[in-house]
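Below: one structure, written as structure tokens.
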Amino acid sequence: MSVRSPRSSFENICIFHILDGLRDGLSHFSGSSRAALIYTTSPDGPLRVYDPQDLLRGHEPRLQQFYLHTDSWRSRVDYDDAEVHFLGEDHYKGLELTGLICFGGRSKAVPYQMWFTEEHPDMCVTGPTRRWLEYAVRLFSQNYEMQSIMNIDTAGYVLQNCAVHAVRDHLVDERSRFGWLDTRIRVYPFLDAVLGISRTKEEGAWPRGRLVVVEPSLLDRVRFICTFPENQRPKLGDFKHVRKMLQAVEYSGRVLVSDGVSIVGVAIGSMPGAFLAAQFSGSYGFLMLMDTLVCTFSDGNFHSSNLKANLVQLEELLLESTVPMEDHHNMMHIITGLVNRVRDRKHGCTLIIDLGHMLVPTAGQRFDGPLDLRDKSHLKLACSLAKIDGALHIGADLKLHGFACLMDGKSVPGENRGRGARFNSALRFTAENEDIIVVVVSCDRPVSIIKDGVELTAACSYSQIRGCPTPPPLSEWMME
């Protein structure tokens, strides 16, 4: 085995700290996330791979075809400056790994590097995450060029807290793409105001309503109901004052309009230009660029999740069941409607989806005849009945057969005393009834899909990254 040089040892430590900071930061922004790196520090050297949590496993055939069967990924240009040159879109089209987001670049210090992370199914957009990977590209190139051990820890810390910067850079890039290169809107103060207002209660209530920032040159195209004198306009940075003003637009089609510095007035209708908007919905909210959802915010932080229930596992179970294909869409529409309504109202519920030919007997309240949930009025009634303790019993016929139903069964492995009675009862009930799927919606928004005594939506617990191992050549990693 060859002895690694001091420069190579620094390389290992540098990659470890940057990747660990990247992984930690993305996990706070998007939920549990992994990261990986494919790179070379020599123009003619072999590619190496650092994938401590097996993010790239399963993609070996595509990686082999792209990196090992051709040298087209290598740069034919010599970079004499210290700048990082990011890869063009054509490069990513050639890679295309399903379920992964990637971003890479080239520099004199690091001729090629490509960073990877997961594309979570509930992401609003991938732009902020790509900006996060962009920071990793810059930091690796800069730190490897400087070879300063004192800067390595700082690089990791920077990547742990990049949410605001990633969101801001994505907004600036998108507005530039729409032609707004010369703009008077400062994005950072707007983002600070959004988080500050979201944390500010008024008489014990969380903020509700819509705040919009419009380019000052376009304010004459806004349909104002009223405006404020210029010397009396609430400043955007005065979170308490703006929070009070939001009460004027709660539960209405009205919006507060700002020029990026202060609140100009109250308006209705569509907004001109590439405007920024924040929809406050109590303890959480939505950040938008025009009509495109960029991210959400809660607990004083931005998040990539769109806050919609992830029912992918339920859809897969329906495809594997005996339910006719023409009923799959209707069943998903019914369950999604119930789950989202319950989550919006912030109370929990349990849905028993009975796919058997004979309904499983459950103790609960019955009807003279089952309610067809394809009927909007029946679906609305079911949403209200979900508030009552117990479960809704839905059959494969798309009808509601009962409510306030109790689930029982013998204790099973995997019970979690920290999850409450709904969750553990669902584990027991599904373990004894094979044609049953149970959807558990907690009052704090998580949704669990349970079948055969197993939670299918359980988040993977990835092992913590330890040590600074030497990244193996990609060709050797393929053979492991």
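Read-outs: derived from the displayed coordinates by stated rules, not from any lab. On a predicted model such as this, the values are computed, not experimentally measured, just so you know. Methodologically, a virtual Cβ is constructed for each residue, glycine included, from the backbone with ideal geometry; neighbour enumeration extends over all protein chains shown.
Numerical summary
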{"quantity": "Phi-based couplings in Hz for the range 99-110 (Karplus 6.51, -1.76, 1.60; Gly and Pro marked x)", "calculated": "x, 10, 10, 9, 7, x, x, 10, 7, 5, 6, 10"}
{"quantity": "Shape of the range 21-90, Cα gyration tensor, a/c cut at 1.5", "calculated": "oblate"}
{"quantity": "Cα gyration tensor shape of the range 312-455, rounded if a/c is under 1.5, else prolate or oblate by comparing a/b with b/c", "calculated": "rounded"}
{"quantity": "Protection-proxy order for peptides 18-27, 339-348, 216-225, each taking the mean of Cβ atoms within 10 Å per residue, highest first", "calculated": "18-27, 339-348, 216-225"}
{"quantity": "Answer label for Rg/Rh (Cα atoms, Kirkwood Rh) (calculated), chosen among (1) 0.97; (2) 1.03; (3) 0.99", "calculated": "(2)"}
{"quantity": "Label zone at Glu230, where the point sits 7 Å out along the Cα-to-Cβ direction: the range 168-195 residues whose backbone N lies under 15 Å", "calculated": "none"}
{"quantity": "Theoretical gain in end-to-end length, Arg221 to His69 [0.36 nm per residue, Cα-Cα removed]", "calculated": "49.1 nm"}
{"quantity": "Cα gyration tensor shape of the range 15-132, rounded if a/c is under 1.5, else prolate or oblate by comparing a/b with b/c", "calculated": "prolate"}
{"quantity": "Charge context of Asp169, other residues only, Cβ under 14 angstrom, K/R +1, D/E -1", "calculated": "+4"}
{"quantity": "From phi via Karplus (6.51, -1.76, 1.60), per-residue ³J(HN,Hα) for the range 400-415 in Hz, x at Gly/Pro", "calculated": "8, 9, x, 9, 6, 7, 9, 10, 9, x, 7, 4, 10, x, x, 5"}
{"quantity": "Cβ-placed point charges (K, R +1; D, E -1), dipole of the chain about Cα centre in debye, nearest 20", "calculated": "1620"}
{"quantity": "Over 29 Å (Cα to Cα) - which of Lys240/Lys376; Lys235/Lys308; Lys308/Lys380; Lys201/Lys380; Lys201/Lys376 fall in this group", "calculated": "Lys240/Lys376; Lys235/Lys308; Lys201/Lys380; Lys201/Lys376"}
{"quantity": "Formal net charge of residues neighbouring Met331 (Cβ-Cβ distance under 12 Å; K, R +1; D, E -1)", "calculated": "-3"}
{"quantity": "Leading residue at positive end of dipole, the chain (Cβ point charges), from Gly25, Gln147, Val164", "calculated": "Val164"}
{"quantity": "Cα→Cβ-extended label distance, 7 Å offset, between Ser8 and Ala248, nm", "calculated": "6.8"}
{"quantity": "Euclidean distance between Cα centres, the range 400-418 to the range 382-396, Å", "calculated": "14"}
{"quantity": "Mean Cβ count within 10 Å, highest first, over the residues of peptides 325-335, 102-112, 235-245", "calculated": "102-112, 235-245, 325-335"}
{"quantity": "Estimated distance in nm for a label pair at Phe367 and Glu203, the labels positioned 7 Å out from Cα along Cα-to-Cβ", "calculated": "3.9"}
{"quantity": "Full-extension gain in nm, Glu60 to Ser32, via 0.36 nm per residue minus C-alpha separation", "calculated": "7.8 nm"}
{"quantity": "For peptides 192-204, 88-100, 165-177, sequence by mean Cβ density within 10 Å, most packed first", "calculated": "165-177, 192-204, 88-100"}
